[in-house]
1. Here are some residues: 250, 209, 277, 185. Which one is crowded, with 17+ Cβ neighbours inside 10 Å, in contact with a strand residue (DSSP E or B) (Cβ under 8 Å, 6 or more places away or on another chain) and under 19 Å from residue 169 (Cβ atoms)?
2. Take region 259-280 and flag every residue that is closer than 21 Å to residue 233 by Cβ and assigned to a helix (DSSP H, G or I).
3. What are the residues in region 122-139 that are closer than 27 Å to residue 65 by Cβ and either in contact with a strand residue (DSSP E or B) (Cβ under 7 Å, 6 or more places away or on another chain) or not assigned by TED's automatic domain parsing to the domain that holds residue 53 (or both), if any?
4. Give region 55-85 a look and list any residue that's closer than 20 Å to residue 34 by Cα and surrounded by fewer than 16 Cβ atoms within 10 Å (Cβ to Cβ), or say none.
5. Give just the number: which of (1) in contact (Cβ under 8 Å) with a residue 24 or more places away in the chain; (2) surrounded by 14 or more Cβ atoms within 10 Å (Cβ to Cβ); (3) out of contact with any helix residue (DSSP H, G or I) (no Cβ under 8 Å at 6 or more places or on another chain) does residue 88 not satisfy?
């Protein structure tokens, strides 16, 4: 009876301790799962793409319309395959409902009707989870999950802003972040904004142009407007928080007109989305 109860507990989707690695799990994915979540029974880890920090776009559907949210932080992407000796048949809907029920137990919520995308506060962290299954499958052979624990990135690369501006007349900054289609500066941009403030305070005679750049997603006119609004947000931050005189700052937006590389890949689009500080 005691062993049966323990087995039942271990099949619960969310647990308070990490689970031992399944012998069938691929060796290249140790500790691939977050400690507070395990998998459906009868599945093993075939692959994983985890990182200490990633910027992830979650796409889900509400009332027939696609919704998108971008979240950044510790990232887990785990791929599960069904074991050959597993005889139970799990539908895609059953897998999604399992995750939904588990999320509800920790007072989280589903963001869509099909119960594929979820948010919750777990262990004091804001967590986003997406479950990807074969939607109409009655006997799912594989599925994968993406998890982001929202947190600020540890900054490892430091730009010598003064040296770059004196050499090139400008510097491109990628640490000033915005949600998709918005011009509100995200909190994790604080370090990059401090670099600008420190540079301007150390060089009180310098005036700069803050230039917003976008990738080519969306319309040309929309990108021009968005780039300008983002540059204006940075300018306002430097005036209101950095206490930099407004006479030293000009904000401009050039949208998608000055890419540094091709927009055909996501990596390229990330490089093209930037704020540049140009010496007047």
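The values are calculated or read from the model by the stated rules, or taken from the named source; none is laboratory data. Bear in mind the structure is a predicted one, so any value in this text is a computation, not a measurement. We place every Cβ from the backbone using ideal geometry, glycine too, and count neighbours over all the protein chains shown.
1. Details: 250 fails: crowded, with 17+ Cβ neighbours inside 10 Å; 209 fails: crowded, with 17+ Cβ neighbours inside 10 Å; 185 fails: under 19 Å from residue 169 (Cβ atoms).
Result: 277 is the single residue among 250, 209, 277, 185 that is crowded, with 17+ Cβ neighbours inside 10 Å, in contact with a strand residue (DSSP E or B) (Cβ under 8 Å, 6 or more places away or on another chain) and under 19 Å from residue 169 (Cβ atoms).
2. First pass over region 259-280, keeping only residues closer than 21 Å to residue 233 by Cβ: 269-280.
If the condition is that a residue be closer than 21 Å to residue 233 by Cβ and assigned to a helix (DSSP H, G or I), then 269, 270, 271, 272 are the ones that fit.
3. Just the residues of region 122-139 that are closer than 27 Å to residue 65 by Cβ, to begin with: 126-137.
Of everything in region 122-139, those that are closer than 27 Å to residue 65 by Cβ and either in contact with a strand residue (DSSP E or B) (Cβ under 7 Å, 6 or more places away or on another chain) or not assigned by TED's automatic domain parsing to the domain that holds residue 53 (or both) turn out to be 126, 127, 128, 129, 130, 131, 132, 133.
4. 55, 57
5. (2)
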